[in-house]
Every structure is written in structure tokens, then in C-alpha cells.
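The values are calculated or read from the model by the stated rules, or taken from the named source; none is laboratory data. In this text, all values refer to a predicted model and were calculated from it rather than measured experimentally. Backbone-built Cβ (ideal geometry, glycine too); neighbour counts: all protein chains shown.
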Amino acid sequence: MRIGAIADIHGNWPALEAVLADMPSVDCLICAGDIVGYNPWPADCVDYCRNREIVSVQGNHDRAVVTGRTRGLNAMATAGVEYACDHLTDDQCRWLADLPDMRAIADGQIRIAHGHPADPDRYVQPHQITAEILGDESWLVLGHTHQQFVRFVDDGTVLNPGSVGQPRDGDPRAGYAVIDLTRDTVDTHRVDYDINAVREKVSAVGLPSTVGDRLVRGR
């Protein structure tokens with residue numbers, strides 16, 4: 001069984017399109033949260049994940065959109081949340097609201113969370129990975145940091161597939177990963193997309209210019 005893993009789409013439809021076009025054939029697609037926020041296509045990204053029944057969890061930006069609580073978010077993030085609130089339908093918001101903080105698939109072999117399993121808002125950096133972060137699962141898939149990494153620990157693997165829509169590891173290309181449960185392997189991938197088109201749309205809709213600028217830097 002092959003699982004496509006994505007995270008932190010953040011309303012970046014051109015990046016998501018590029019990832020989907022580049023991804024090899026998989027049996028299931030999972031998303032480790034933050035479908036919306038920052039970028040100008042929240043509705044397109046929600047509709048794709050909802051209509052394709054992508055196995056998703058709720059990220060902190062997803063939660064901010066449905067609760068209206070932006071405390072702790074900077075001005076750029078708050079602008080993205082407010083934009084999403086204005087451009088999502090009630091049905092789309094209800095779908096985001098119903099997403100769980102964590103879920104398991106493949107008979108419990110894979111657990112999906114946005115941040116730390118004990119705290120969905122807690123960032124998990126690559127150097128912080130220890131065997132204790134795993135429960136009974138063999139694979140833990142996380143998002144939130146926007147940094148692509150794979151860490152092997154006793155009896156399991158911790159994966160962050162990287163951010164589709166706003167990488168922060170110095171590589172501006174959209175990130176994803178493919179887990180092969182039969183072979184017990186994972187391959188990470190990066191793919192180019194039209195960042196300038198996103199920057200132009202960001203400017204056209206009145207979102208902060210820093211949203212597009214940081215895409216160029218991958219930071």
C-alpha cells in the first residue's frame with residue numbers, strides 16, 4: 001500500500017496542483033493539517049481535499065478560521081485567516097470544523113497529527129524527535145513546522161512531508177512524501193511551481209506582500 005503524504009497547503013492552489021501532478025500513483029492521500037491560511041485559494045484547496053476525501057486533520061490555521069480566534073498569530077497569518085473566513089462557504093467551514101486533531105489509518109500503522117501528538121499547536125523540530133513521540137503506530141506523520149524531514153526511531157518512523165504551500169526549510173519548492181507500507185520505506189519529493197503567479201494573486205487580492213515574498217526564499 002502506498003500513501004501520499006502532504007501538509008500545510010495553506011491555500012496555495014498552484015503549489016497543490018504541481019504536487020498532485022508530480023506525485024506517483026498512490027492508494028491513499030493524507031494531509032497533516034493547515035489546508036487554509038496565508039495564500040489566496042482557500043476554497044479551491046478545501047474543495048479538493050473534501051471532494052477527494054483526503055484523510056485530513058485540523059491544523060491551527062484551519063481551527064482559527066472556524067473559531068475566529070487568531071490570538072498568537074502574527075499579522076500576516078491573521079490576514080490569511082480573515083481572507084479565508086471571507087471566501088469560504090458555511091459548508092466548507094463546517095468541513096474544516098469537523099476535522100479531528102489526530103487520526104489513524106492503515107489499521108493503526110500510521111498516525112496523522114498537525115503538531116505534537118500531545119499538543120496540536122506544539123512545533124516538533126527534527127532534532128527533537130525521540131522514540132517517545134510514537135505510540136503504538138509504526139509511522140507518525142506531522143506538519144506545522146513546514147520543514148521536510150524523516151527520522152527513524154526505535155520501532156518506527158517520524159515524517160514531515162514538508163509544506164505544499166509555504167516551505168520554511170530554505171527550499172522554495174513544494175514538498176510531499178510517499179510512504180510504501182509494503183516495503184516499509186518513504187521517499188521525499190520537491191516540485192517547482194509558478195511562485196510568481198502566486199505573488200501576483202497575493203497582490204491582486206490585497207494580502208500582505210510578505211506572503212509572496214517568503215515563498216521565493218522558502219523561509
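Inside segment 157-179, can you point out the residues that are of a type in the set (S, T, N, Q) and closer than 15 Å to residue 125 by Cβ?
Those that are of a type in the set (S, T, N, Q) and closer than 15 Å to residue 125 by Cβ: 160, 163.
Give me the residue from segment 94-115 that is more than 27 Å from residue 182 (Cβ to Cβ) and over 14 Å from the mean Cα position of the chain (by Cα) and, out of that set, surrounded by the fewest Cβ atoms within 10 Å (Cβ to Cβ). By that ranking, first place goes to 98. As a summary of the residue check, residue 71 satisfies the conditions (1) at pLDDT 95 or above; (2) in a loop (DSSP other than H, G, I, E, B) except for the one numbered (1).
Just to be sure, is residue 192 touching a Lys or Arg at 6+ places or on another chain (Cβ under 6 Å), surrounded by fewer than 16 Cβ atoms within 10 Å (Cβ to Cβ) and either over 21 Å from residue 80 (Cβ atoms) or not aromatic (Phe, Trp, Tyr) (or both)? The answer is yes for residue 192. Does residue 164 satisfy the condition of being modelled with pLDDT of 95 or more, in contact with a Pro (Cβ under 7 Å, 6 or more places away or on another chain), among the aliphatic types (A, V, I, L, M) and not in a strand (DSSP E or B)? When the stated conditions are applied, residue 164 does not pass them. Consider segment 68-92 and keep the residues that are β-branched (Val, Ile, Thr) and closer than 26 Å to residue 160 by Cα. The one that is surrounded by the fewest Cβ atoms within 10 Å (Cβ to Cβ) is 78.
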